[in-house]
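For reference, the structure discussed in these notes is given below.
The values are calculated or read from the model by the stated rules, or taken from the named source; none is laboratory data. Predicted, not measured: the structure shown is a model, and the values here were computed from it. We place every Cβ from the backbone using ideal geometry, glycine too, and count neighbours over all the protein chains shown. What goes into the accessible areas is simple: the full protein's heavy atoms, side chains included, and nothing from ligands, DNA or RNA. Shrake-Rupley method; radii C 1.70, N 1.55, O 1.52, S 1.80 Å.
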Amino acid sequence: MKSIQPYSFRTITEYHQFMDLPKPEHPLVSVVDFNHIKRLPDNKPNKFVQQFYSISLKRNFNGKIKYGQQEYDFDEGVMIFISPDQVYSIEADKESQHTGWLLLMHPDFLWNTPLAKAIKQYEYFSYSVSEALHLSEKEEIVVTNIMQNIEQEYHANIDTFSQKVMIAHLELLLTYAERFYHRQFITRKVTNHKILNRLEEILAEYFNNEIVAEKGLPTVQYIADELHMSPNYLSSVLKVLTGQTAQQHIHNKLIDKAKERLSTTDLSVSEIAYELGFEHSQSFSKLFKSKTNLSPLEFRQSFQ
């Protein structure tokens, strides 16, 4: 019987004990070869939550991994990034013997370094969408070489430079991952353009059904929920495809609707502002002018 509640790892040492691995050589960092991890017995839990970062590269994995309530859609040579306190589950085929490596790093290891804050800005750690990082053969070589450098430092005698060296390599690894994710957004155009099409449908329905007058402007969180993805992931895709954030797309749709009302009706600016979810017409006029360089009245007069 599989556990319903996720099994919690407070420390990297606890993870090693659970996986029947030797004690980590550093209490706050670990590099693990997947060849050394035995398949979990059926009576052990398959849902986990941990209080440290996890970066892994998996090959030959035959099974499912869920992170952020969504299944990862990976096959060969992919990377997965999991942040502290995120629930994930693993369902591996009984015959599966995947290979690759796993880097575990406790937030305390980053304390008093710029990466302690910067690591939270890498959006792929917070994705609640089925989007692992698919690597080309050349990209896999790049990240594996960096990992080997981290592993070499991990196994070396710890000195005053150990933390600085490993963090420098980690920053390089995260930067390459960000580059490769942007490449992935571009190469997976069919999927991402479906997101764009669905975004337009959601915004059009929201504004056309007068929901906006009742609930106000749609939030990025609302749009992301409708698309079943995180706000960070949505903004990343849109930024790469269109150069604009999700918030900018919402404002663009708002301005289009405002122009339509100003040019085809006799409603006052205040009435239009209310229809579009603004409590104060001044806020609407300020946004309209920032986007068009015209006040609402100046825009209306241009059609007379």
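In the stretch 203-217, the condition of being closer than 28 Å to Ser89 by Cβ and modelled with pLDDT of 85 or more is met by no residue.
Of the helices (runs of 4 or more DSSP H) lying entirely inside the stretch 207-272, those containing at least 1 residues that are of a type outside the set (A, V, I, L, M, F, W, C), over 19 Å from Lys291 (Cα atoms) and under 29 Å from the mean Cα position of the chain (by Cα) span 211-215, 220-226, 231-242.
Residues considered: Asn145, Asn157, Asn112. Of these, the only one that is part of a helix (DSSP H, G or I) and open to solvent by 50 Å² or more (accessible area, probe 1.4 Å) is Asn145. For the stretch 259-272, name all the residues that are modelled with pLDDT under 90 and among the small types (Gly, Ala, Ser). Residue satisfying the conditions is Ser263 alone.
Residues in the stretch 137-163 that are of a type outside the set (Gly, Ala, Ser) and within 14 Å of Leu28 (Cα to Cα): 7 in all.
Whether any residue in the stretch 63-78 is closer than 30 Å to Ile158 by Cβ and at pLDDT 75 or above is what I want to check. No - not one qualifying residue is present in the stretch 63-78. For first residues located in the stretch 260-279 and more than 20 Å from Ala204 (Cα to Cα), partners that are among the basic types (Lys, Arg) and in a helix (DSSP H, G or I) and lie 6+ apart or on another chain with Cβ distances below 8 Å form the pairs Leu267/Arg261. Residues considered: Gln301, Gln221, Gln282. Of these, the only one that is closer than 30 Å to Leu133 by Cβ and open to solvent by 40 Å² or more (accessible area, probe 1.4 Å) is Gln221.
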